[in-house]
Amino acid sequence: MRITRTAPGRGRKAAVLATTALTASALLLTGCSSDDSDDSAADSDGNITLTLADYGQFGYKEAKLLEEYHKLHPKITVKEETTANEADYYPKLLQQLNSNSGLGDVTGLEVGRIKEVVDTQADKFVDLSKSINVADWVSWKEKQATSKDGAVIGAGTDIGPISLCYRSDLFKQAGLPSDRESVGKAVAGGWEDYIKLGENYKKKAPQGTYFMDSASAMFNGVVSSSAKQYYDADGKAIYKDSPGVKAGWDLAAEAASKKLSQGLAQFQDPWVAALRKGTVASVVCPAWMANQIQANSGSAFSGKWDIAKAPGDTAANWGGSFLAVPKSGKHVKEATALVKWLTAPEQQAKIFKAAGLFPSNKGAYDLPDVKAAKLPYFSDAPIGEIYAEEANAIPEAVLGPKDAAIKDAISKEINNMEQRGTKPGDAWKAATSSIDKTIG
């Protein structure tokens, strides 16, 4: 996904959307706009400042890319204005689009929002297919940002191919397979196998530890492996009848009832504390999650974490973002060139190396910083190979305009099953009631 949470950063942006409820409040972006400031205007020497408005963690700071761009283009300075939480960023972005005021020259868009933006705001963004070779991205990424008339309004940044992060030392103590190949085989049959592995873990679990951090995270992993999730191709909300949602909900309810999960809302303080204390044995792990685990677990657990293939034989994606160029900007040509450069293979590879955000640009997969990438903290797991294999196999999923809101409502009620003992039927009723009010 961009550290967007309260605790993480983007832990990533997508993460917050999948594990916490959206808030009604929105932080004001401090980014400059063509209407509110002269920052984007050229001075007498032709120098201009481009504002890049984003949220969480896009990796530009970590990879020092904006400084590099300025060296390549001395007359252009890029000012990144970041809102910590995407749930605060998006409502403000909609206000800016509706008023055509306050927009950055470049703006970030979350995958959970992209369908709504494509359907309702596409005419306010530059068609990037006229200046960027969109075939460079994994094909399903391009389609997520493509309008009905063929305009591509967002250039793909990162994606989140899912794996399984786990504590090999805790698995070993519980009598489970602990090397990544054996763990992958143990869950090869699907998420049901993951639950069975959790039941076996619980029988001999080291005191005070839990098999997984969050049943809602597992739910998201299950749904993300389905081509049809919350909407059908005609734009109808089908989450109540979706096989993927039903399977994910039932497995989450099972994990909650069997106390396989610690019941933690990801990226909140209790989740961070659990990683620091070492009480979590496994985490559903989109590519960007590894950095979050490492940052929050600390040096004490270096080499005790590992990464295996996710359950089942269907690849899945969780998270990811886009960069878009509003047509109303004063420097559309320069902003478009910046987006093209930031999403090129070389830059995406640098971001992956610096911040762990996996590229959506296929050309990056053969670059050394990606292809040969290993994570020492995770027992030298060959993450470049693992994620690239998953990325190329991810099916195109049908997205809907309120995917994020649906995820949030369901995740909230799964947390209630875990933390408050809410019965599955009551939790499902509460989730659907909330969703119906939100999506109409």
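Counting other C-beta atoms within 10 Å, and keeping those with at most 14, which DSSP coil trypsin sites (Lys or Arg not before Pro) do you find in the stretch 296-354?
K327
When the Cα atoms of the chain are enclosed in a convex hull and the volume is divided per residue, what value in Å³ results?
About 123 Å³ per residue, rounded to a whole number.
List the lysines whose Cα lies under 23 Å from the Cα of K64, skipping any in the same chain that are fewer than 8 positions away.
K13, K75, K79, K333, K340, K350, K353, K362, K371, K374
Taking only DSSP H segments of four or more residues, each worth -39500 (n - 2.57), what value at 222 nm results for the chain once the sum is divided by all its residues, to the nearest 500 deg cm²/dmol?
My calculation for the chain gives -12500 deg cm²/dmol from helical runs alone.
Could you order the peptides 159-168, 227-236, 312-321, 275-284 from most to least packed, using the average number of other C-beta atoms within 10 Å per residue?
For the peptides 159-168, 227-236, 312-321, 275-284, the packing ranking is 159-168, 312-321, 275-284, 227-236.
Quick one: grab the alpha carbon gyration tensor of the stretch 317-390, order the square roots of its eigenvalues as a ≥ b ≥ c, and give me rounded if a/c is under 1.5, else prolate or oblate depending on whether a/b is larger than b/c.
In terms of gyration-tensor shape, prolate.
Bear in mind these aren't lab numbers, they're just calculated from the coordinates by the rules spelled out. None of the values given here were measured: they were computed from a predicted structure. Note that each Cβ is placed from the backbone with ideal geometry, even for glycine, and that neighbours are counted across all protein chains shown.
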